[in-house]
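The next block holds one structure in the form of structure tokens; read it before the comments.
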Amino acid sequence: MMILARIPLAIVLLFGVQTSTRASVPANEPDEMLARVLIPDSGSVTGGDGMYSIALPDGRSLFLMGDSFIGPVKEGRRTMPDHMYRNTYILYDRGQVSAIYGAIGENSSAAVPPGVNDEHQKWYWPGHGFVKDNTLYVFQTLMYQGEEGMWGFQYETTDILAYDLPGLELKKTTNIPFKGPENIHFGMAALAEDDYVYIYAQVDIDNGPVPISEAWVARTTLDKLYTEWVYFDGSGWSSSSLDAVRMEGLSDVAISSQFNVFKLNDKYVLLTQEKQFTSGEIYTFVADHPWGPWYNKQLIYTVPDHENPNVFSYNAMAHPQFKKDGKILISYNVNNLDFAEQLNDVSTYRPRFLWIEIDQIL
């Protein structure tokens, strides 16, 4: 695995309770300076989506990216030619960021499915992950090009990639034990809590113009992570995935393909963006247990309309390890239906960042 030369940052974000050395950015307003820090014009990932994050035990943080560029940007335009990686990792380390890629060669992604040499036909896009016993576990969704065109990708399964810490050396890749329909995508959110690991699924019911999707949850212990999960059945836990049901309290929002579940103070929070490109609505729900029931639905942010009709937003993420002034950091992805426009205006394929008041969520 290759790590790019690190780039020093103008802003130092301190881990533990994340703070900033600069003036506070108002809640619900884009933090453009932080965006330039995490997605700079050179020296690291310079464009992409995904944007999951995992806090590491030593104070670093790892951002899991989907389709990414690492080539330099000049005056808002991407320098050509520029290779697109199917996934990259951004490592934040006490005032520096670096890109991780090249699992099997310079033009390969940070994570490559075993036996795959052509990532145009089969590749990983990130799910979430967690840390236990000095090992980082990352859920990577195995995708393939089932049809032609931008939207021809299809989901096959999810793998668990285990990395030694602190060096991030890959030590194991294993398929998840869930075997079921391809509309059920486990690993889209994860939470390690006490003796259990909770693994959440986004379930597509209807992918039409007004999508319908649900969230399920399984749990396991670390020693059974690769072999045996139990599934929430509405009142308890079943060894059969056929008994799994949607988590209660979320039915009026279509859960996005990628979402978050995290602990905030003494509550569990689920954050999702409405799974409809024309919506831009970002919601949170609260629960007393990792499996729900979920309540206190809050519309915490609505993405502003884009002037360019080809530009859309999706898959908001929370980064709760970043805290300051009673706020936490969230992001959402921005993309462009016109690939050429992405190259000429890189802002149309870069995440946006903003701070949300914790009281607005809880």
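Bear in mind that the values in this text are calculations on the coordinates, not laboratory data. This structure is a prediction, so every number in the text was calculated from the model and none was measured. Virtual Cβ from ideal backbone geometry, glycine too; neighbours counted across all protein chains shown.
Run lengths n ≥ 4 of DSSP H only: what is the helix-derived mean residue ellipticity at 222 nm for the chain, with -39500 (n - 2.57) per run over all residues, to the nearest 500?
Working: 3 runs with 17 residues, N = 362.
Counting only the DSSP helices, I get -1000 deg cm²/dmol.
Past the 18 Å Cα-Cα mark, which pairs from Lys224/Lys263; Lys172/Lys224; Lys132/Lys224; Lys132/Lys172; Lys172/Lys263; Lys267/Lys297? Walk me through the numbers on the way to the answer.
Details: Lys224/Lys263 23 Å; Lys172/Lys224 15 Å; Lys132/Lys224 13 Å; Lys132/Lys172 15 Å; Lys172/Lys263 28 Å; Lys267/Lys297 13 Å.
Among Lys224/Lys263; Lys172/Lys224; Lys132/Lys224; Lys132/Lys172; Lys172/Lys263; Lys267/Lys297, the Cα-Cα distance tops 18 Å for Lys224/Lys263; Lys172/Lys263.
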Query raised in the report: Comparing Val73, Val116, Val203, which has the greatest mean-square fluctuation in the GNM of the chain with Cα pairs linked when under 10 Å apart?
Result: Val116
Query raised in the report: Could you give me the ³J(HN,Hα) list for segment 187-197, computed from phi with Karplus coefficients 6.51, -1.76, 1.60 and θ = phi - 60°, whole Hz, x at Gly and Pro?
Result: x, 6, 8, 8, 8, 9, 9, 6, 8, 10, 10
Query raised in the report: How many angstrom separate the Cα center of segment 200-255 from the Cα center of segment 163-195?
Result: 15 Å
**Report entry** Label assignment, Rg/Rh (Cα atoms, Kirkwood Rh) derived from the structure, set (i) 0.96; (ii) 0.93; (iii) 1.16
**Finding:** (ii)
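DSSP loop (so not H, G, I, E, B), at most 13 other Cβ within 10 Å: list which GluC sites (Glu not before Pro) in segment 108-212 pass both filters. Please list the in-between numbers first.
Numbers: sites: Glu119, Glu147, Glu148, Glu156, Glu169, Glu182, Glu193; in loops: Glu119, Glu147, Glu148, Glu182.
Sparse-neighbourhood loop GluC sites (Glu not before Pro): Glu147, Glu148, Glu182.
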**Report entry** Footprinting exposure proxy for Thr221, Thr141 (fewest neighbouring C-beta atoms within 10 Å first)
**Finding:** Thr221, Thr141
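Can you tell me the relative contact order of the chain? Whole percent, Cα pairs under 8 Å, sequence separation 6 or more.
Values: 925 pairs, mean separation 53.4, N = 362.
Relative contact order comes out at 15 percent.
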Report summary line: Phi-derived 3J(HN,Hα) across segment 237-250 with the Karplus relation (6.51, -1.76, 1.60, θ = phi - 60°), rounded Hz, x for Gly and Pro, is 10, 10, 6, 9, 5, 5, 8, 5, 10, 5, 6, 6, x, 10
Report task. Quick one: what are the phi-derived ³J(HN,Hα) couplings along segment 110-118, Karplus 6.51/-1.76/1.60 with θ = phi - 60°, whole Hz, x for glycine and proline? Result -> 5, 10, 10, x, x, x, 9, 10, 10
Query raised in the report: For segment 2-361, with only Lys/Arg (+1) and Asp/Glu (-1) charged at the beta-carbon, what is the dipole magnitude about the Cα centre, in debye rounded to 20?
Result: 920 debye
Report task. Give the cross-link partners of Lys275 among the aspartates and glutamates, using a straight C-alpha distance below 20 Å as the criterion and excluding same-chain residues fewer than 8 apart. Result -> Asp49, Asp67, Glu182, Asp204, Asp206, Glu214, Glu248, Asp252, Asp305
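Can you sort Asp67, Asp82, Asp206 from fewest to most other Cβ atoms within 10 Å of each residue's own Cβ? Please list the in-between numbers first.
Details: Asp67 18, Asp82 14, Asp206 11.
Ascending Cβ contact count within 10 Å gives the list Asp206, Asp82, Asp67.
Rounded, prolate or oblate: which fits segment 262-360 when a ≥ b ≥ c are the square roots of the eigenvalues of the alpha-carbon gyration tensor, with rounded for a/c under 1.5 and prolate only if a/b beats b/c?
prolate
Among Met143, Met33, Met80, Met317, which comes first, then next, by fewest other beta-carbon atoms within 10 Å?
Values: Met143 20, Met33 14, Met80 7, Met317 27.
Fewest-to-most ranking of Met143, Met33, Met80, Met317: Met80, Met33, Met143, Met317.
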